[in-house]
1. Tell me the relative contact order for the chain as a rounded percent, counting alpha carbon contacts under 8 Å between residues six or more apart.
2. Using each residue's phi in region 32-40, evaluate 6.51 cos²θ - 1.76 cosθ + 1.60 at θ = phi - 60° and report the 3J(HN,Hα) Karplus result to the nearest Hz, with x for Gly and Pro.
3. Per residue of region 66-81, in order, report the coupling 6.51 cos²θ - 1.76 cosθ + 1.60 (Karplus, θ = phi - 60°) as ³J(HN,Hα) in whole Hz, putting x for Gly and Pro.
4. Under the Karplus relation 6.51 cos²θ - 1.76 cosθ + 1.60, θ = phi - 60°, what is the ordered set of whole-Hz ³J(HN,Hα) values for region 5-12, x standing for Gly and Pro?
5. For region 46-112, list log₁₀ I(q)/I(0) at each q in 0.13 Å⁻¹, using the Debye formula over Cα point scatterers of equal strength and ignoring solvent, two decimals each.
6. Tell me the angle of helix 97-111 to the major Cα principal axis of the chain, expressed in degrees between 0 and 90 and rounded to the nearest ten.
7. Can you tell me the orientation of helix 55-64 relative to the chain, as the angle in degrees between its alpha-carbon axis and the longest Cα principal axis, to the nearest 10?
8. When Lys and Arg each count +1 and Asp and Glu each count -1, what net charge do the other residues less than 13 Å away from residue 38, Cβ to Cβ, add up to?
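Read the figures in this text as sums done on the coordinates, not as results from a lab. All values derive from a computational prediction rather than experimental measurement. Using ideal geometry, Cβ is built from the backbone for each residue, glycine included, and neighbour counts are taken over all protein chains shown.
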Amino acid sequence: MNNIIVAEEDKLRAIVHEEVSKVFHTRQEPKTEIDTITLSGALALLAEYGYVLSKAKLYKLTASGNIPCRKFGQKLVFSRKDILSWAENQTKPKNDQSEALLTLARSARRKK
């Protein structure tokens, strides 16, 4: 408690302002990644996550409206989040017993 500093109000304000400025100016704002990508970017993104599609197949999916996309002029643009959630919804669990049961039931009906 022997280290008490006495300063005038203006001097104290200047010191506090200087120190606060250092903290806020050296802190970098996190860079936000742009969510919009082109057709080739969508193909690369899907391939990166293991969902390999051809360019023709992606065009067919956009034409039928089965994949989320927008048009910017004459170009197709996609949202990274929308594309990845769409791809995740297209996958099925490996051991999907309900699909196997339906196939077995259809097969049994045909054999009668």
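1. On the way: 53 pairs, mean separation 24.8, N = 112.
Relative contact order, the chain: 22 percent.
2. Along region 32-40, the couplings run 8, 7, 5, 7, 8, 10, 7, 4, 5 Hz.
3. For region 66-81, the Karplus-derived couplings read 7, 10, x, 7, 9, 10, 10, x, 9, 9, 8, 10, 10, 9, 4, 4 Hz, x marking Gly and Pro.
4. Computed from phi, the couplings for region 5-12 are 10, 10, 9, 6, 4, 5, 5, 5 Hz.
5. -0.55
6. With both axes taken from Cα atoms, the answer is about 10 degrees.
7. Orientation of helix 55-64: about 80 degrees from the principal axis.
8. Working: positive: 55, 70, 71, 75, 80; negative: 35.
Neighbourhood net charge equals +4.
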